[in-house]
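This report refers to the structure that appears directly beneath it.
Nothing in this text is a laboratory measurement; each read-out follows from the coordinates by a stated rule. In this text, all values refer to a predicted model and were calculated from it rather than measured experimentally. Glycine also receives a Cβ, built like all others from the backbone with ideal geometry; neighbour counts cover every protein chain displayed.
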Amino acid sequence: MLHKNKTKRIQLILPILISLLQGISVKAEIPIVHALLFYSPTCPHCHKIISEDIPPLVKKYGQQLHIVVINVRQADGNALYKAAIKQFNIPKDRFGVPTLIVGDQVLVGSDEIPTQFPELIDKFLAQGGVDWPPIPGLEQLKAVSESSTMQSSLSEKLARDPIGNGAAIIVLIGMLIVVLRILMHLGQNLKNPRPMQQEWIVPILSLLGIAVSSYMFYIETTGNAAICGPVGDCNTVQQSEYAYLFGILPIGVLGVIAYLAILLAWSISHYGAGKLARLASLSLFILALSGTLFSIYLTFLEPFVIGATCAWCLASAIIMTVLLWRARAII
């Protein structure tokens, strides 16, 4: 009798266990889209794809999107890229990076990838997911760089624009030297203030700084391509998250405000008298010092965090540093 009761219980519980196991199995087998992204650390378009276009997709799809990024500047990565060209019969006019392969689709460039990749993700997820592209040698490199670890190394960031980033580092060192020298002699300057020579330099530099900052504000808010010249990648910097203070105030606006305040302080110091003029002189120095310290922070971000340098930003940093150097004589 006891044996029969146990048998009945097992018969009742067994279907429940089977259904639970089936539910767990179904949950574990969620559709996943696997994609392969070829890039070069010196390619600004690749930097845009990796830093701006891919992260929102990774955040949106989570574990349903797996991306491996392959550096074509490395021997193994270059060999895999050549194997992909052969495997998918990629024509010569479509050679280059960034190249993204998902399923049987090959997307090339910073236009195709952000516009077509999201649609392909939805398409393949609806079909139950898609496996890694069938490229010989991929298995050996697949674990090198997943979508969750797409942070570039410092050497890769510097290599994206060696000339521009090198210039930023030189400017950064120069600003640090100026600030340290001024702070070392700050007490002496306070005891023995000297009249500023060539005072006309301050308003001229302030107006120049306003012009530079206004242009930066225009680029930051409109998203238009900046005229950067042969050095640097202004658009990458101006379109990064660091182009806004606290994510709200454009850095260009902050620069305009700072230069206007310096120009006002100089005017009061130059044309005023007594305590007001003295206070204005001190304010000018504090404004220039604060602006230079903030410029040091921004200049550091360019080569070491963003991996790109803005010539307009460097120009503003140099202007502010020269203003600080001139203002040291009147405090």
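log10 I(q)/I(0), Debye, Cα-only the range 222-312, no solvent, q = 0.16, 0.17, 0.19, 0.22 Å⁻¹? These q points yield log10 I(q)/I(0) values of -0.73, -0.78, -0.89, -1.04. If I take R0 = 45 Å and measure r between the Cβ atoms of LEU180 and ARG73 in this structure, what FRET efficiency does the formula 1/(1 + (r/R0)^6) give, to the nearest 0.05? E(calc), rounded to 0.05, equals 0.75.
If R0 is taken as 30 Å, the Cβ-Cβ distance between ARG94 and TYR218 corresponds to a FRET efficiency of 0.30. Can you give the FRET efficiency for ILE201 and TYR297, using 1/(1 + (r/R0)^6), R0 = 22 Å, r = Cβ-Cβ distance, to the nearest 0.05? The formula returns an efficiency of 0.30 here.
Set the Cα radius of gyration of the range 29-152 against 2.2 N^0.38 Å, with N its number of residues, and you get 0.96. Between ILE30 and ASP122, the modelled label-to-label distance comes to 1.9 nm, taking each label 7 Å out from Cα in the direction of the beta carbon. For the range 26-116, a simple Cβ point-charge model (Lys and Arg +1, Asp and Glu -1, everything else neutral) yields a dipole of about 140 debye relative to the Cα centre.
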